[in-house]
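Data first, discussion second: the structure below is written as structure tokens.
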């Protein structure tokens, strides 16, 4: 393994040009060394010899803790050693460690597992020792039963203990557990989740999952705010009044021009009757009035357009239940709207 670790560093040094700064060469070498170390560590983790060596170190450290009475520290090491390199002897020590801590169910499970491993490798002596230890603990086991009545078995029901999902085959079955506190929960689609905590001490416990209540239907989404906000409504009304004024002015202007043309056609040169002169004067007055109406209408239309452009985005929070109030006022020389929104 040493050549495999050293090779990338040598290759990195060989690839660096002679003009490379010293700091860059050091950084490149460190990166290559770190990459090599990571690759070597991964390779070691998958190496059976490495796993066996790790398991042995953990086992010996756990034995030292047991001799010192540090069972809380020893049990996790025995478990880790067995995970790295499963052995009957490790499981037997793990069971004894759990038993010293009063974790009867965990000790019983370790002895039963040791019995199965010993049977596979043909070690009848170890198998017998594991069986004897498990049978001695069997009367001391405390069981926790989670009962799920048929009425409570809603579609998609998930029952959990300490966050671990229980298979439906475990419902109603007394499972050996260590003394302590256990968090139980049940959940199903469209139902209100159920949670409880139960303490298991020296006696068996049975907990029944209730029928989960139907979850309340989610509130309907709020309707989208209407585009017709009070300000926009007022803007449309004002702009409409302005457009109507301009149309009226245009019609009056057309009538005025037609009347003036008729009066002018009736005159011969500079000779015009009094009636034609009055008709021409009336046509000019009407044209001036039409122009004023058109100008006022354009101004009012611009005000309405400004209200539309400047109107804030519709928001349900800003809408008033009472709505907006707007009054269109037309005076001799002005036209406009007053109100609130």
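The values are calculated or read from the model by the stated rules, or taken from the named source; none is laboratory data. Keep in mind that this is a model prediction, so the values were computed, not measured. Here the Cβ is made from the backbone with ideal geometry for all residues, glycine too, and neighbour counts use every protein chain on show.
Can you confirm whether residue 224 is within 30 Å of residue 159 (Cα to Cα) and surrounded by fewer than 16 Cβ atoms within 10 Å (Cβ to Cβ)?
Against the criterion (within 30 Å of residue 159 (Cα to Cα) and surrounded by fewer than 16 Cβ atoms within 10 Å (Cβ to Cβ)), residue 224 does not qualify.
Where in the stretch 110-224 are the strands (runs of 3 or more DSSP E), entirely inside, with at least 1 residues that are farther than 28 Å from residue 82 by Cα and in contact with a strand residue (DSSP E or B) (Cβ under 7 Å, 6 or more places away or on another chain)?
142-147, 158-161, 180-187, 194-200, 205-208
Among the numbered criteria (1) touching a helix residue (DSSP H, G or I) at 6+ places or on another chain (Cβ under 8 Å); (2) not assigned by TED's automatic domain parsing to the domain that holds residue 50, which single criterion is violated by residue 150?
(1)
Considering every residue within the stretch 183-204, establish whether at least one is in contact with a helix residue (DSSP H, G or I) (Cβ under 9 Å, 6 or more places away or on another chain), at pLDDT below 95, closer than 30 Å to residue 92 by Cα and surrounded by fewer than 17 Cβ atoms within 10 Å (Cβ to Cβ).
For the stretch 183-204, residues in contact with a helix residue (DSSP H, G or I) (Cβ under 9 Å, 6 or more places away or on another chain), at pLDDT below 95, closer than 30 Å to residue 92 by Cα and surrounded by fewer than 17 Cβ atoms within 10 Å (Cβ to Cβ): absent.
Tell me, please, whether a residue that is outside any helix (DSSP H, G or I) and under 60 Å from the mean Cα position of the chain (by Cα) can be found in the stretch 267-287.
For the stretch 267-287, residues outside any helix (DSSP H, G or I) and under 60 Å from the mean Cα position of the chain (by Cα): absent.
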